[in-house]
Every structure is written in structure tokens, then in C-alpha cells.
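One structure below.
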Amino acid sequence: ILLVERPVKVGDWVVVGNHEGIIHRLNVRATEIMTFQHASVIVPNSQILSSAVLNWTHKDTRGRIEIKVGVAYGSDVEKVKEVLLEIAANHSDIQRIPEPVVLFKDFGDSALLFELRFFVPKIERRLTISSDIRFSIDAAFRAAKIEIPFPQRDLHLRTGLEALKPSIKDPS
């Protein structure tokens with residue numbers, strides 16, 4: 001079925017279960033996936049046919065990347081959006097059509113949560129491009145005085161030390 005229907009082919013970037021890599025060899029009984037650590041994983045074709053397979057490059061090599069970032073409460077959210085879109089516009093590997101978009105995703109425990117979404121022509125470069133964008137976000141946010149907060153927790157202590165002492169019974 002794999003050889004006739006071709007849901008995967010040699011050279012495709014796939015994720016099968018916990019294994020991710022490039023299909024190196026496709027045989028009648030098994031498929032060899034070369035991982036990015038340069039290890040060969042032999043996956044029975046029955047597993048590929050009976051489970052979900054993520055194929056990053058099945059039809060073409062384009063793909064969408066999402067970068068999540070949280071900013072401190074009180075930040076100028078329009079400025080955050082502007083900075084993120086400018087970063088995307090200045091990266092040569094990000095497609096202009098469809099244009100990048102910034103979503104204000106949620107009010108988190110310690111941060112306002114945003115997501116920068118954009119498309120790239122070669123999804124196999126997603127890790128490098130994502131890293132480039134994160135470096136740019138850090139530098140641009142520092143320059144714009146936009147804070148990326150640390151997770152915060154409030155600790156409430158009871159008054160009186162007696163409540164904290166373990167009860168010890170007198171053995172006599």
C-alpha cells in the first residue's frame with residue numbers, strides 16, 4: 001500500500017510515534033527513518049499504515065511556524081504586536097503571502113500570552129528560523145522595554161509560629 005498509494009516517500013520529513021526524521025529507505029515490510037541525530041529507525045510499515053503519521057513535506061515544503069511569547073501585565077499590547085510583526089517582516093525566510101499575524105491568545109497566570117504565526121517556504125528550516133526569531137524577539141523587546149516575565153507565585157503565611165510547630169507529645 002505504501003509503495004502504491006505513496007502517503008510517504010523517500011526524502012519526506014515525517015514523525016511516526018516518537019520518531020522524527022527523513023525517510024531514507026522504503027521497503028516492502030519496513031521503512032527506514034534517518035533521525036536528525038543520524039540514527040536509523042526501522043518502522044514496520046504496518047505501524048505507518050495503522051497510526052497517525054505527520055508528514056511535513058508530503059505535498060510541498062512550505063509550512064507555518066508559531067512562536068509563543070508572554071509579556072508582563074501592563075505592557076502596551078499594540079507595541080508588542082507592532083514589534084513582533086516588524087521582526088517577521090525583517091526576516092528574509094518568512095513569506096509575505098500569507099502575511100504574518102500576531103494573536104493575543106490569553107491572559108495567563110504571570111503574563112499576557114501572544115503568538116506570532118508565519119509561513120516559510122522550506123519547513124525543514126523551521127528550527128533555525130524559530131531560533132532566529134526568538135533571538136530577535138529578545139533583542140527587540142529589550143530595546144522597546146517590553147518585559148518577558150518570570151512565572152510568579154504568591155505565598156501566604158499564617159500568622160503565629162505556633163501553627164507551624166509540629167505537635168510533640170510528652171512521653172511521661
Those residues of the stretch 54-75 which are of a type in the set (A, V, I, L, M) and more than 18 Å from the chain's Cα centre (by Cα), in sequence order: ALA72
Based on this model, can you work out whether PHE114 counts as crowded, with 16+ Cβ neighbours inside 10 Å, modelled with pLDDT of 95 or more and not in a helix (DSSP H, G or I)? yes
Does ARG125 meet the test of being modelled with pLDDT under 95 and closer than 27 Å to VAL14 by Cβ? yes
Among the residues of the stretch 117-140, the number that are in contact with a strand residue (DSSP E or B) (Cβ under 9 Å, 6 or more places away or on another chain), of a type in the set (Val, Ile, Thr), in a helix (DSSP H, G or I) and more than 13 Å from VAL69 (Cβ to Cβ) is 2
Take the residues in the stretch 30-53 that are under 20 Å from the mean Cα position of the chain (by Cα) and polar (S, T, N, Q), then tell me which one is least open to solvent (accessible area, probe 1.4 Å). THR35
The condition from (1) exposed (fewer than 11 other Cβ atoms within 10 Å of the Cβ); (2) under 30 Å from LYS145 (Cα atoms) that GLU86 misses is numbered (1)
Looking only at the stretch 117-142, count how many residues are within 17 Å of the chain's Cα centre (by Cα) and open to solvent by less than 20 Å² (accessible area, probe 1.4 Å). 7
Out of curiosity, is VAL14 buried (at least 16 other Cβ atoms within 10 Å of the Cβ) and closer than 24 Å to PHE119 by Cβ? yes
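The values are calculated or read from the model by the stated rules, or taken from the named source; none is laboratory data. Values in this document were obtained by computation on a predicted structure and should not be read as measured data. Neighbour counts are summed over all protein chains in view; Cβ atoms, including those assigned to glycine, are modelled from backbone coordinates with ideal geometry. Please note that ligands, DNA and RNA were not included when accessible areas were found on the heavy atoms of the full protein model with its side chains. Shrake-Rupley method; radii C 1.70, N 1.55, O 1.52, S 1.80 Å.
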